[in-house]
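What follows is a single structure, written as structure tokens, with notes after it.
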Amino acid sequence: MPTIPALSLQTRILALFLLLIVVVQVGGFVLVNTAGVTAARTTIGEQLVAGARIFDRLLEQDKQRLAQGARLLSADYAFREAISTGDRNTIDSVLANHSKRADADLMMLVGLDGRVTADTLDVATGNLFGFPRLIARAQAEQPASAMVLLRGQLYQLAIVPVLAPLPIAWVAMGSSVNDAVAKDLNRLTRLQVSFLSRQSGDTWQLQASTLPDGERAALLRDIAAERFAAVDENGNAAFIEHAVTRVVTLPGRSDESVVAVLQEPLDAALEPFRNLQRQLAWISAVAVLVSIVASALIARGVARPVRELANAARRIAGGDYTAAPPKSRTVEIDELATSFQTMQDGIASREFRIMDLAYRDPLTRLPNRALFGDRLDEWLRTAMPGEHAAVLLMDLDHFKFVNETLGHAIGDLLLTDVGALLGTVVNGQQNTVARLGGDEFAVLLPAHGAADAQRAAAAILQALEAPMTLSGHQVDVRASMGIAVYPEHGRDASTLLRHADVAMYAAKANHLGVVVWDGRYAQHGADRLSLMSDLRKAVDNNELMLLYQPKVALGVADGNHVEALVRWQHPTRGLVPPAEFIPFAEQTGFIRAITQWVLAHAVAQCAAWRAEGLQMHVSINLSARDLMDAELPDRFSALLELHGCAARWITLEITESAIFDDIGHAIEGLRRLTALGTKISIDDYGTGYSSLAYLRRLPLHELKIDKSFIMGMTRDASDLVIVRSTIDLAHNMGLVVVAEGVEDEATFDRLRALGCDMAQGYLMSRPVAAAEIAARVRGETWPRAGREGVGLRRVV
């Protein structure tokens, strides 16, 4: 039997070390590869979860946009009137125009019988509305939204009722879900986005996707085979082939299924690990060759760095990107660590971009509302007893006029410069300056009380006094600020922000610049919210009424003149004076609905008086917002034609402050109104900053001197001088002069002596109902006064 040659000890040692190093290299390769792939998949899964949250918020924002657009249309008075009268042409025109303004792909009007009255795609007009359950949900939720299929195309559809005050129809507004929408979502979430739908018993159809054409068919096969049905603890699909996948079920009809498939490809994330695999294989081959002479050094130099890199991979998988992968004196292991560092930096950079989108204002790069709230909550959690903090909210005055007159690009520059200015003025290390949205900014001042906050606010106002030059345009900036202080004004973030907001509103309403929260604002704020809510129902519930106050001619008259004054008969508060609800209506934009109501009723009443043979002229007040309404002249012309009322019988009164808020738009609007034949009057003259010389640019017929000068002219020589000079200069310009606030005979006689054309006030008559006006004219009890003072009759 042949003997086996005995191996030398050296050979055995070399063989043993060779075997050991091979085992170590293979083990290290498997360990790093497993840890790397696991880390990559875990990280991608976490990115997918974060991206899904952003995706959900984007869909919700689009739903709210559609619902808000539908609400705006349903609240339009002319649209409701067209529905009530069955004016199909107006309905089609309004739907088409609103579809363009709201950037909607589909608009539908559904009648109470469930049939489609009109739609912008002309695919369902006259048919039953295909989504009756959506109407049922809207009756309960107001509004309701769902993903629906219409002629094979997927739409996100929102539906709201048209109330007058009960539902008279339903407005549906939808946007098409197509590849362009998917690409927008991909740009914001950094994920591959696909939308699929299936009707009962049919196969899945791909509605929109960011995937290449070659991968779309594979996605349909995977969905049909239900490969994504099983999910892990994060809600991602357990099946992973070329991408980590998450399936989001979207609301739709009961006989339809709509899903969004969100995917993060593995290739890009695994590329560093593939390089790592090649590098490890090369390292292993080299190690085997040199193991005979350096096996111990190689074992010691490879095992330890591999373990450290595995720990680094686990830290990365856990979301810790602070520690750098360990360096090594071995070139190959150092390259491996560099690859880990590159992977770590890439993942951290992507997460930073996602967080930046969620917590930074994209225009000013300031913290947004979410980040400001987080920092305020964090400070409140860690605040020690006795510590203070101040929250300052700031809103720019008349910012909308910058956008409307100079354009949104200039408005964006203004917001950016104001944000930079705030950062310069409030530059403490712990302070936070944020943009909450629109033209509203917030400042968090930790360890500051009310006095410190007021000084900071004063510094901001002083800095804003310097005009800003934006693309060649010089813009004056003014702001209103509200301050709330922890713990005096609140101990939680929501209370502090709410109180600072109420204080800011008080500053804006009273032109104070800065207001610190006070407890007395609490009830005022609650009453304001209640009143604003009730005001939206006042027109629909027929709670408004018109009274008429005579304007007495002091010379030869061309008929009888009255001013129409709106009053609100609240069902529980009683008679609400205009001063209490008109400012709210102007701030919320509801003043347009009120103005439309007043114009319609006042024009109808003037026409009715004229039809009865009464020579009446009616003055109607317009607000600053009304002057900005480009459609007002057309609507006014339509009312005159509808009621058969001549434009020369109507005088429109506008305050001088409303005109000079935006002189360009005001002049254009007034010229269009005077082109109809109506007369224009400047109301409350003397309370603003204009001059008669400047008013020559305007197409005016009448000027009303504010009552603050009239009521004091018999006692104050300076008021008398102002009244006399105003009358003389106005007459030189060919204007009719009206004095309002006449309450005693001495004032009346002095005005007549000065040559004033008309007087208005309680001396002659308080505001009365239309029926009493007619009775006075017919009964010859109308207050009149000739230049000799004969025939004055005081009617109270």
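The values are calculated or read from the model by the stated rules, or taken from the named source; none is laboratory data. Keep in mind that what you see is a predicted model, and the values were worked out from it rather than measured. Counting neighbours? That spans all protein chains shown, and the Cβs are built from the backbone with ideal geometry, glycine included. Protein only, heavy atoms only, side chains kept; ligands, DNA and RNA dropped before computing areas. Shrake-Rupley method; radii C 1.70, N 1.55, O 1.52, S 1.80 Å.
Of Ile83, Ile91, which residue is over 25 Å from the mean Cα position of the chain (by Cα), touching a residue at least 24 places away in the same chain (Cβ under 8 Å) and open to solvent by 10 Å² or more (accessible area, probe 1.4 Å)? Full working, then the answer.
On the way: Ile91 fails: open to solvent by 10 Å² or more (accessible area, probe 1.4 Å).
Only one candidate qualifies: Ile83.
Being in contact (Cβ under 8 Å) with a residue 40 or more places away in the chain and open to solvent by 60 Å² or more (accessible area, probe 1.4 Å) narrows it down to one residue among Arg101, Arg71; which is it? Before the answer, list the steps.
Details: Arg101 fails: in contact (Cβ under 8 Å) with a residue 40 or more places away in the chain.
Going through Arg101, Arg71 in turn, the sole match is Arg71.
Being over 19 Å from Gln64 (Cβ atoms), open to solvent by less than 10 Å² (accessible area, probe 1.4 Å) and either touching a residue at least 24 places away in the same chain (Cβ under 8 Å) or of a type in the set (S, T, N, Q) (or both): is that true of Leu109 here? Please lay out each step first, then the result.
On the way: over 19 Å from Gln64 (Cβ atoms): yes; open to solvent by less than 10 Å² (accessible area, probe 1.4 Å): yes; either touching a residue at least 24 places away in the same chain (Cβ under 8 Å) or of a type in the set (S, T, N, Q) (or both): yes.
In short, yes.
Restricting segment 230-268 to residues that are in a loop (DSSP other than H, G, I, E, B) and under 29 Å from Arg137 (Cα atoms), which is farthest from the chain's Cα centre (by Cα)? Step through it out loud before you land on a result.
Keep residues of segment 230-268 that are in a loop (DSSP other than H, G, I, E, B), which gives 230, 232-236, 238-242, 251, 253-255, 266.
Next, only the ones that are under 29 Å from Arg137 (Cα atoms) stay: 235, 251, 253-255.
Numbers: Gly235: 32, Pro251: 25, Arg253: 30, Ser254: 33, Asp255: 35 Å.
Here the answer is Asp255.
Have a look at Leu436, Leu461, Leu496, Leu445 and point out the one that is closer than 28 Å to Asp412 by Cβ, in a helix (DSSP H, G or I) and not polar (S, T, N, Q).
On the way: Leu436 fails: in a helix (DSSP H, G or I); Leu496 fails: closer than 28 Å to Asp412 by Cβ; Leu445 fails: in a helix (DSSP H, G or I).
Sole residue among the options that is closer than 28 Å to Asp412 by Cβ, in a helix (DSSP H, G or I) and not polar (S, T, N, Q): Leu461.
So which of Gly525, Gly490, Gly555, Gly482 is among the small types (Gly, Ala, Ser), over 30 Å from Leu763 (Cα atoms), modelled with pLDDT under 90 and not in a helix (DSSP H, G or I)?
None of the others qualify; the one that does is Gly490.
Name every residue in segment 158-178 that is among the hydrophobic types (A, V, I, L, M, F, W, C) and either touching a Leu at 6+ places or on another chain (Cβ under 7 Å) or under 16 Å from Thr117 (Cβ atoms) (or both), in order of residue number.
First, the residues of segment 158-178 that are among the hydrophobic types (A, V, I, L, M, F, W, C): 158-160, 162-164, 166, 168-173, 177.
Those that are among the hydrophobic types (A, V, I, L, M, F, W, C) and either touching a Leu at 6+ places or on another chain (Cβ under 7 Å) or under 16 Å from Thr117 (Cβ atoms) (or both): Ala158, Ile159, Val160, Val162, Ala164, Ile168, Ala169, Trp170, Val171, Ala172, Met173, Val177.
Could you list all residues from segment 757-778 that are over 24 Å from Val556 (Cβ atoms) and out of contact with any Phe, Trp or Tyr (no Cβ under 7 Å at 6 or more places or on another chain)? If you could, list the steps in order and put the result at the bottom.
First pass over segment 757-778, keeping only residues over 24 Å from Val556 (Cβ atoms): 762, 766-772, 775.
The answer is Tyr762, Arg766, Ala769, Ala771, Glu772, Ala775.
Which of (1) touching a Pro at 6+ places or on another chain (Cβ under 9 Å); (2) farther than 26 Å from Tyr505 by Cβ; (3) open to solvent by 10 Å² or more (accessible area, probe 1.4 Å); (4) of a type in the set (A, V, I, L, M) is the odd one out, the single condition Val552 does not satisfy?
Only one criterion in (1) touching a Pro at 6+ places or on another chain (Cβ under 9 Å); (2) farther than 26 Å from Tyr505 by Cβ; (3) open to solvent by 10 Å² or more (accessible area, probe 1.4 Å); (4) of a type in the set (A, V, I, L, M) is unmet by Val552, namely (3).
Please state which of the following conditions Val148 fails to meet, knowing it meets all the rest: (1) assigned to a strand (DSSP E or B); (2) open to solvent by 60 Å² or more (accessible area, probe 1.4 Å).
If we test Val148 against (1) assigned to a strand (DSSP E or B); (2) open to solvent by 60 Å² or more (accessible area, probe 1.4 Å), just (2) comes out false.
Taking the condition of being assigned to a strand (DSSP E or B) and surrounded by 16 or more Cβ atoms within 10 Å (Cβ to Cβ), how many residues in segment 164-185 meet it? Walk me through how you get there before you give the answer.
Residues of segment 164-185 that are assigned to a strand (DSSP E or B), as a first pass: 167-176.
Remaining after also requiring surrounded by 16 or more Cβ atoms within 10 Å (Cβ to Cβ): 167, 169-176.
Adding up the residues that qualify gives 9.
Report yes if some residue within segment 408-421 is modelled with pLDDT under 90 and touching an Asp or Glu at 6+ places or on another chain (Cβ under 7 Å); otherwise report no.
No, that holds for no residue.
Of everything in segment 365-394, what is within 23 Å of the chain's Cα centre (by Cα), closer than 12 Å to Thr432 by Cβ and surrounded by fewer than 16 Cβ atoms within 10 Å (Cβ to Cβ)? Give them in sequence order.
Asp374
I'm told Thr189 meets every condition in (1) open to solvent by less than 20 Å² (accessible area, probe 1.4 Å); (2) touching a residue at least 60 places away in the same chain (Cβ under 8 Å); (3) within 30 Å of Asp87 (Cα to Cα) except one. Can you identify the failing condition by its number?
Only one criterion is unmet by Thr189, namely (3).
Quick one: Val123 ticks every box in (1) β-branched (Val, Ile, Thr); (2) in a loop (DSSP other than H, G, I, E, B); (3) under 21 Å from Lys63 (Cβ atoms) except a single one, so which number is it?
Condition (3) is where Val123 drops out.
If I go through segment 744-778 residue by residue, how many of them are acidic (Asp, Glu) and either under 27 Å from Gln605 (Cα atoms) or surrounded by 17 or more Cβ atoms within 10 Å (Cβ to Cβ) (or both)?
So the first thing to find is which residues in segment 744-778 are acidic (Asp, Glu), and the list is 744-745, 749, 757, 772.
The next check asks that each one be either under 27 Å from Gln605 (Cα atoms) or surrounded by 17 or more Cβ atoms within 10 Å (Cβ to Cβ) (or both); those that pass are 757, 772.
Going through segment 744-778 one residue at a time, the tally reaches 2.
Please verify whether segment 606-617 includes one or more residues that are aliphatic (A, V, I, L, M), open to solvent by less than 50 Å² (accessible area, probe 1.4 Å), assigned to a helix (DSSP H, G or I) and closer than 21 Å to Val539 by Cα.
The initial filter retains those residues of segment 606-617 that are aliphatic (A, V, I, L, M), namely 607-608, 611, 614, 616.
Applying the additional criterion that residues be open to solvent by less than 50 Å² (accessible area, probe 1.4 Å) yields 607-608, 614, 616.
Still in the list and also assigned to a helix (DSSP H, G or I): 607-608.
Next cut, closer than 21 Å to Val539 by Cα only: none.
Checked segment 606-617: no residue is aliphatic (A, V, I, L, M), open to solvent by less than 50 Å² (accessible area, probe 1.4 Å), assigned to a helix (DSSP H, G or I) and closer than 21 Å to Val539 by Cα.
Yes/no per residue for (1) at pLDDT 85 or above; (2) exposed (fewer than 14 other Cβ atoms within 10 Å of the Cβ):
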position	(1), (2)
Ala208	yes, no
Leu211	yes, no
Gly214	no, yes
Phe228	no, no
Gly235	no, yes
Ala238	no, yes
Glu241	no, yes
Thr245	yes, no
Val248	yes, no
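Conditions: (1) under 31 Å from the mean Cα position of the chain (by Cα); (2) in a loop (DSSP other than H, G, I, E, B). Ile159 meets all but one. Number of the miss?
Of everything listed in (1) under 31 Å from the mean Cα position of the chain (by Cα); (2) in a loop (DSSP other than H, G, I, E, B), Ile159 misses just condition (2).
Which one is most open to solvent (accessible area, probe 1.4 Å), of the residues in segment 565-598 that are hydroxyl-bearing (Ser, Thr, Tyr) and free of Cβ contacts under 8 Å to residues at least 40 places away in the same chain?
Thr572
State which residue is nearest to Lys183 (Cα to Cα) when the search covers only segment 196-206 and only residues that are in contact with an Asp or Glu (Cβ under 8 Å, 6 or more places away or on another chain) and open to solvent by 70 Å² or more (accessible area, probe 1.4 Å).
First, the residues of segment 196-206 that are in contact with an Asp or Glu (Cβ under 8 Å, 6 or more places away or on another chain): 197-200.
Next, from what is left, pick out any that are open to solvent by 70 Å² or more (accessible area, probe 1.4 Å): 198-200.
Numbers: Arg198: 22, Gln199: 25, Ser200: 28 Å.
It comes out as Arg198.
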